[in-house]
Amino acid sequence: MTVPEHTARLALPGVLTAEQAARTVAGIAALQREDGAIPWFRGHHLDPWDHVEAAMALDTAGEHTRAAAAYQWLADHQNPDGSWYAAYADGDATRPADHGKESNFCAYAAVGVLHHYLATGDEVFRSRMWPVVSRAIGFVLRLQQPGGEIGWRREPDGTAVPAALLTGSSSVYQALRCALRLADLRGEPQPDWELAAGRLGHAIRVHPERFLDKSRYSMDWYYPVLGGAVRGPEALARLAGRWDEFVVPGLGVRCVLPNPWVTGGESAELALALWAAGDTRRATEILRWIRHLRAGNGLYWTGYVYADQAVWPEEQTSWTAGSVLLAVAALTGDPATCQVFGGQDLPTGLSPDCCDPAGHRAH
């Protein structure tokens, strides 16, 4: 198989050869509809967050036309309030499968748009997508709570759900920082977004009590690192703290305790979080472990129940493959991926006058 130069850069010893990377990219591309939508797999649904993750993976391999089509799908089907529905049957915009609107799903468009711009330098794309990002962030911030956390959903009848998820809010924090970078590029300061990002980052770092208790899920463990709210020694300490609970040596990362089930998406995302925290050795090791989830067509099985030695569910999702490619892209130095997940050049927002450095509430 002829491997394009950009895809060949995704080769990572012990994880992917250039030919294997090309097959994974082709596998994601084969799931994309003609209108740009990327469902989990054909016949299943599309959700906006995983759609963006798959588009970002395409950009890492130089498939910029396909990625742009995915973002155009978002532009074409954004709701008037700036949102997207939580799910669309087979990626068909005329068939919403869940009329709820989830905050982190809507915010993530900002991450993808900045990633695509950094990968391509396409100023026309950036200008065209700016109103889309701006409306989406407006929708999300209308769900922000007084403590800084982001309510996770607006119900189909319009009712706002104030309860916040740590994983979702951590993802929104990354998206807000990417949106602020896009605003900087336009020369259009967004002070309200800066305040919102600062309050949100502070809540993630200092106030776990403001979020629903989902500590059984590995995403709540590593997402504050992956989303960029926790970095440096604190990030390494956080990842070390529950390592033995969630990591199954040789197999990958558990999705939820106490289930004996490792999943490719969580494993690749943890690898990306480890890379962001500076631990490239263990990041690479985890990606090597999940080779057992790789299918012959280049896609990845969603998960593996090791107690039964069985693949489950029997599905190969675009977002699992996408998460692997994004982790590999970071480890191999892809500039756009390193910038949006490394975050060194992303604005951090304005910290609130809430607590002293030890986390005690200010009076």
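Taking the stated definitions as given, is G264 among the small types (G, A, S), within 25 Å of W312 (Cβ to Cβ), crowded, with 19+ Cβ neighbours inside 10 Å and in contact (Cβ under 8 Å) with a residue 60 or more places away in the chain?
The answer is yes for G264.
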key: Residue ID - nearest to A8 (Cα to Cα), chosen from residues in the stretch 31-48 that are in contact (Cβ under 8 Å) with a residue 60 or more places away in the chain and hydrophobic (A, V, I, L, M, F, W, C)   = L31
Evaluation of S318 against (1) touching a His at 6+ places or on another chain (Cβ under 9 Å); (2) surrounded by fewer than 24 Cβ atoms within 10 Å (Cβ to Cβ) (one fails), failing number = (2)
ask   = For the stretch 52-157, which fully contained strands (runs of 3 or more DSSP E) count at least 3 residues that are buried (at least 19 other Cβ atoms within 10 Å of the Cβ) and in contact (Cβ under 8 Å) with a residue 12 or more places away in the chain?
value = 151-154
task = Might you let me know whether the stretch 160-176 holds any residue that is within 14 Å of W130 (Cα to Cα) and of a type outside the set (D, E, K, R)?
result = yes
ask   = In the stretch 13-29, which residues are of a type in the set (A, V, I, L, M, F, W, C), surrounded by fewer than 20 Cβ atoms within 10 Å (Cβ to Cβ) and touching a residue at least 40 places away in the same chain (Cβ under 8 Å)?
value = A26
note = For A237, the lone unmet condition from (1) more than 12 Å from A277 (Cα to Cα); (2) among the small types (G, A, S); (3) surrounded by fewer than 23 Cβ atoms within 10 Å (Cβ to Cβ) is (1)
note = Within the stretch 197-210, residues crowded, with 24+ Cβ neighbours inside 10 Å and out of contact with any Gly (no Cβ under 7 Å at 6 or more places or on another chain) come out as I204
inquiry  = With the requirement that a residue be in contact with a helix residue (DSSP H, G or I) (Cβ under 7 Å, 6 or more places away or on another chain), at negative phi and surrounded by fewer than 24 Cβ atoms within 10 Å (Cβ to Cβ), what does the stretch 296-306 give you?
reply    = N297, W301, T302, Y304
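Any residue in the stretch 282-295 that is assigned to a loop (DSSP other than H, G, I, E, B) and surrounded by fewer than 16 Cβ atoms within 10 Å (Cβ to Cβ)?
Kept after step one, since they are assigned to a loop (DSSP other than H, G, I, E, B), are these residues of the stretch 282-295: 295.
Subsequent filtering for residues that are surrounded by fewer than 16 Cβ atoms within 10 Å (Cβ to Cβ) retains 295.
Taking every residue of the stretch 282-295 in turn, at least one turns out to be assigned to a loop (DSSP other than H, G, I, E, B) and surrounded by fewer than 16 Cβ atoms within 10 Å (Cβ to Cβ).
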ask   = Applying the selection to the stretch 158-194, what residues are buried (at least 24 other Cβ atoms within 10 Å of the Cβ) and either farther than 21 Å from P48 by Cβ or charged (D, E, K, R) (or both)?
value = R177
ask   = For A163, which of the numbered conditions (1) over 25 Å from A336 (Cβ atoms); (2) of a type in the set (G, A, S); (3) in a helix (DSSP H, G or I) fails to hold?
value = (3)
request  = Determine whether the stretch 323-345 contains at least one residue that is buried (at least 17 other Cβ atoms within 10 Å of the Cβ), within 14 Å of the chain's Cα centre (by Cα) and part of a loop (DSSP other than H, G, I, E, B).
outcome  = yes
query = Of the numbered conditions (1) crowded, with 23+ Cβ neighbours inside 10 Å; (2) under 23 Å from A336 (Cβ atoms), W40 satisfies every one except a single condition; which is it?
reply = (2)
query = Taking the stretch 87-97, which residues are on the phi < 0 side of the Ramachandran plot and in contact with a Pro (Cβ under 8 Å, 6 or more places away or on another chain)?
reply = A87, Y88, A89
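None of the figures in this text is laboratory data; all of them are computed from the coordinates on show. In this text, all values refer to a predicted model and were calculated from it rather than measured experimentally. With ideal geometry, Cβ positions are generated from the backbone for all residues, glycine too; neighbour counts draw on all protein chains shown.
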